[in-house]
1. Rounded if a/c is under 1.5, else prolate if a/b is larger than b/c, else oblate: which is segment 118-176, with a ≥ b ≥ c the root eigenvalues of its Cα gyration tensor?
2. Want the number for residue 118 to residue 141: 0.36 nm per residue separation, take away the alpha-carbon distance, what's left?
3. Set Lys and Arg Cβ to +1 and Asp and Glu Cβ to -1, take the dipole of the chain about its Cα centre, and tell me which of 158, 62, 179 lies farthest positive.
4. Give me the percent of DSSP beta bridges within the chain that run antiparallel, rounded to the nearest 5.
5. Would you calculate a helix-derived [θ] at 222 nm for the chain, using -39,500 (n - 2.57) for each DSSP H run of n ≥ 4 and dividing by the full residue count, to the nearest 500?
6. Residues with amide H under 5 Å of residue 21's amide H, sequence separation 5 or more or different chain, H placed in the peptide plane at 1.01 Å from N; which?
7. Using a simple spin-label model with points 7 Å from Cα along the Cα→Cβ vector, what separation in nm is obtained for residue 83 and residue 103?
8. Considering amide H positions built from the backbone, and no H for Pro or chain starts, which residues 5 or more places from residue 204, or on another chain, come under 5 Å of its amide H?
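All of the numbers you see were taken from the coordinates with simple rules; none came from a lab. No experiment lies behind these values; they were computed from the predicted model shown. Note: ideal-geometry Cβ built from the backbone for every residue, glycine included; neighbour counts use all protein chains shown.
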Amino acid sequence: MDFVRLLTATAADALSVLIPVACAGCGAPDAAVCAACAVSMRAPPLRSELTPGFPVWAGTEYSGAARRVVLALKNEQRTDVSRALARVLLPAIEHAIAASSGIFPQRITLATLPSSRAAYRRRGYRPVDVVLAKTGLGREHPLVWQRQPVDQIGLGIAQRRANLNGSLRARPRLDGRAFLLVDDVVTTGATLLEAHRALTAAGAKIVGAAVIAGTPRRRREG
Ligand SMILES: [Zn+2]
């Protein structure tokens with residue numbers, strides 16, 4: 001073993017002693033996401049429609065290991081899973097752009113959504129931006145909160161939509177530009193619908209959305 005490799009191996013050993021890593025999907029030691037969980041998350045992207053003409057591509061189903069890994073990123077500061085999740089998100093983005101290329105002649109820009117202030121304060125990062133950074137793709141943040149919605153937990157679909165309606169706005173006018181929305185999880189889709197409304201109101205065209213994971217219910221609908 002040469003000196004550099006020895007040094008690297010020693011540093012890695014020291015780190016694993018200091019910071020024990022367990023798979024966020026199953027708890028197996030020594031990997032942020034183990035090989036078995038990574039394989040279980042890999043699937044052809046699932047397409048569904050939130051409303052007619054607003055397609056959503058999900059990289060995987062929001063269940064099992066994929067759900068646990070996403071929740072670890074969102075709730076347990078496990079940003080070390082972002083590379084594994086980027087491998088799930090990227091095919092969803094690629095499918096969305098490929099499906100849109102004939103319909104939207106203009107360049108498609110990826111757009112992520114703002115976190116609620118409370119969520120950002122709690123985490124210190126935006127989960128989907130951390131994952132998207134690992135794909136190497138650029139993105140913009142064209143949306144800001146116009147009004148902070150109340151916590152969505154415990155609200156039904158209609159209540160979520162009412163709570164979010166009018167809460168986002170696009171910063172400049174975006175006439176003629178085309179966006180693909182990118183988010184971590186789609187469940188009811190209420191946030192994506194509000195982002196769609198705000199961007200459309202500013203003159204933008206929305207290609208659809210790409211997310212890391214979608215709920216099984218959405219898959220059946222799709
Ligand atoms: Zn695992």
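1. oblate
2. The span from residue 118 to residue 141 would gain 6.5 nm if fully extended.
3. It is 158.
4. 30 percent
5. When only DSSP H runs of four or more count, the value is -13000 deg cm²/dmol.
6. Result for residue 21 returns 30.
7. It works out to 3.5 nm between the two label points.
8. 174
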